[in-house]
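The numbers here are math on the coordinates, done by the rules we state, and not lab data. Quick caveat: nothing in here was measured; it's all calculated off a predicted structure. Cβ: placed from backbone, ideal geometry, glycine included. Neighbour counts: every protein chain shown.
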Amino acid sequence: MLAFSACASRQKAMIPDEAPEAELQRIDAEARELKQQPLTKAQGRRAMRKREKVRERTYEKHHDRIQTKEVRKRMKKNAKKSGMSNDNKKPSGVKKLFK
């Protein structure tokens, strides 16, 4: 088993900027400050979809950044072994001999 401290992607884990509840409270406070009328349901949904798209884009950028060549090689190397362990299968006798 790999040590987590050796894994570079663990050190670069994505931490969200702020919780969704905090973000909604911040938006409500800004609206009250400007003395705007509350958003209609359609406007609220539109704003929510826009925020979700921004979050997805930032996560995709983060994911592409941590998917280095070494990480892909390690995943490819361990794919067969993890497949066997997930299916509860034993390795073949030849693999045991040459391990």
Using θ = phi - 60° and the Karplus relation 6.51 cos²θ - 1.76 cosθ + 1.60, list the HN-Hα couplings for the range 41-51 in order, rounded to whole Hz, with x at every Gly or Pro. 4, 5, 5, x, 5, 4, 5, 5, 4, 5, 5
Could you go through the range 83-97 in sequence order and give the Karplus-derived ³J(HN,Hα) for each residue, using 6.51 cos²θ - 1.76 cosθ + 1.60 with θ = phi - 60°, rounded to whole Hz, and x for Gly and Pro? x, 5, 5, 5, 8, 6, 10, 8, x, 5, x, 5, 5, 5, 5
Determine ³J(HN,Hα), in whole Hz, for all residues of the range 55-64 in sequence, where each value follows from phi through the Karplus function 6.51 cos²θ - 1.76 cosθ + 1.60 and θ = phi - 60°; x replaces Gly and Pro. 4, 4, 5, 5, 5, 4, 4, 4, 5, 4
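Using the Cβ atoms and a cut-off under 15 Å, what net charge is assigned to the surroundings of Asn88, where Lys and Arg are +1 and Asp and Glu are -1?
Values: positive: Lys80, Lys81, Lys89, Lys90; negative: Asp87.
The answer is +3.
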